[in-house]
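Data block below; observations after.
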There are 2 protein chains.
Amino acid sequence: MPPLTGPKSGDALFGSVERVNAELFTLTYGAIVRQLLTDLEEVEEVNKQLDQMGYNIGTQLVDEFLAKSNVSRCVDFKETADVIAKLGFKMFLGVTATVTNWDAEGTSCSFVLEDNPLVDFVELPDTCQGLQYCNVLSGVIRGALEMVSMKTEVTWVRDMLRGDDAYEMRVKLTKQVPEEYPYKDDD
Amino acid sequence: MPPLTGPKSGDALFGSVERVNAELFTLTYGAIVRQLLTDLEEVEEVNKQLDQMGYNIGTQLVDEFLAKSNVSRCVDFKETADVIAKLGFKMFLGVTATVTNWDAEGTSCSFVLEDNPLVDFVELPDTCQGLQYCNVLSGVIRGALEMVSMKTEVTWVRDMLRGDDAYEMRVKLTKQVPEEYPYKDDD
């Protein structure tokens, strides 16, 4: 039987985990991006690496999330998106996202972030205009969802570093693998 | 005149800054190290890059530290080392360090860390035995101290990832440039 306790609130969850200074994190992430720009020559290649790095991180973070949040099975992609926006972002970055722009089928939506700790103090030089600085975040979402059997494509549609008024990533569910549980429902 | 309020406690300081989840930080740092190991062939080269990355971060973090900690001028290297151990580590990583093993001249000491958020879940594969995984931290110390006119050499002498019983970095003051203040003491 799934646990009977409900999920924690985002604030309680954020309060319950070990934390480090956000500026240290921001500067460390900035150092990775700078390093990749130096090592790889194509901005497009840097975008791919950041996404892959995020994917790897996401596949690992999902365990901590499930262990600490008391979230049990989500009934569908909509509920999953809400949990990520309200609890996932809060638990890891200390901010919440808004879920919006659902398509008719309920398989695509947007996460909108107004506050994004990743980009404090960041300005893109003219030579980096194609850089998708926050690709690590979209990679994290993709990696974490894949671990709960949802294959997705995640792309940035608005980016304040490129002059937009918010950060918006589009998440499209492409395939959902039915989960097999080690217990039967009538146990 | 320097501010009359005393420095904040480490806990108050850590409570007053924006924070993110420590596991996210740990995994992000792990992703950098993995990336560098892939891109650069020599472990020695990776060690250098991590140190340089830390140096760059340290030169920027020192501003946030001075702005938020209410720490005013330290009288000497000894006091500076204590402030870093008790307030600096706490503010950024949420842990404190012990200052020990002073030499007779008061120009070399060790920071000992028993808890190190950087290395949670990390194991070094046999192929990486020369890797100084935490070089970013020694780089941060070197960079931050250089911003307050203290040139140092910082090296790791104990490392739990290599089987030691603690993390110990040795900090040696090599040159202290007298600071010039924009005000006169009798103002």
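The values are calculated or read from the model by the stated rules, or taken from the named source; none is laboratory data. Predicted model only: the values in this text are computed from it and were never measured. Note: ideal-geometry Cβ built from the backbone for every residue, glycine included; neighbour counts use all protein chains shown. Note: accessible area is taken over every heavy atom of the protein model, side chains too, but ligands, DNA and RNA are not part of it. Shrake-Rupley method; radii C 1.70, N 1.55, O 1.52, S 1.80 Å.
Remark: the protein assembly as shown carries 50 Å² of accessible area per residue (probe radius 1.4 Å; ligands, DNA and RNA excluded). By the rule of a C-alpha distance below 16 Å, with chain neighbours fewer than 8 residues away ignored, the lysines paired with residue B:151 are B:78, B:172, B:175.
Between chains B and A, what is the buried accessible area in Å², counting both sides, with a 1.4 Å probe and ligands, DNA and RNA left out, to the nearest 100?
3000
Counts of other chain beta carbons within 10 angstrom of each beta carbon in peptide A:31-37 average 5.
Peptides A:123-130, B:21-28, B:160-167 ranked from most to least packed, by the mean per-residue count of other Cβ atoms within 10 Å: B:21-28, B:160-167, A:123-130. If R0 is taken as 25 Å, the Cβ-Cβ distance between residue B:174 and residue B:114 corresponds to a FRET efficiency of 0.35. Counting every pair of alpha carbons in region B:20-176, the share spaced more than 25 Å apart comes to 27 percent. Against chain A, whose longest principal axis is taken from its Cα atoms, helix A:135-147 shows a tilt of about 20°.
Interface burial in region A:75-94 reaches 20 Å² or more for A:92, A:93, comparing the full protein assembly with the chain by itself; accessible area from heavy atoms with a 1.4 Å probe. Within the accessible area of the protein assembly as shown, the carbon and sulfur atoms contribute 49%, probe 1.4 Å, all protein chains present.
For the cross-link pairs B:8/B:68; A:8/A:90; A:48/A:86, the ones whose C-alpha atoms lie over 20 Å apart are A:48/A:86. Remark on region B:45-66: accessible area falls by at least 30 square angstrom from chain-alone to full-complex state for B:53, B:57, B:60, B:61, B:64, probe 1.4 angstrom.
The relative contact order of region A:1-150, computed from alpha carbon pairs under 8 Å that lie at least 6 residues apart in sequence, is 38 percent.
Using the Karplus curve 6.51 cos²θ - 1.76 cosθ + 1.60 with θ = phi - 60°, work out ³J(HN,Hα) for each residue of region B:106-111 in order, rounded to whole Hz, and write x for Gly and Pro. So the Karplus estimates, Gly and Pro as x, are x, 10, 9, 8, 10, 9 Hz.
Stokes-Einstein diffusion of the protein assembly as shown at 4 °C, 1.567 mPa s viscosity, Kirkwood radius from Cα pairs, rounded to a whole number: 58 µm²/s.
By the helix-only formula, in which each DSSP H run with n ≥ 4 contributes -39500 (n - 2.57) and the sum is divided by residues, chain A has a 222 nm mean residue ellipticity of -13000 deg cm²/dmol. Compared with the dominant principal axis of the Cα atoms in chain A, helix A:22-39 is inclined by about 60°.
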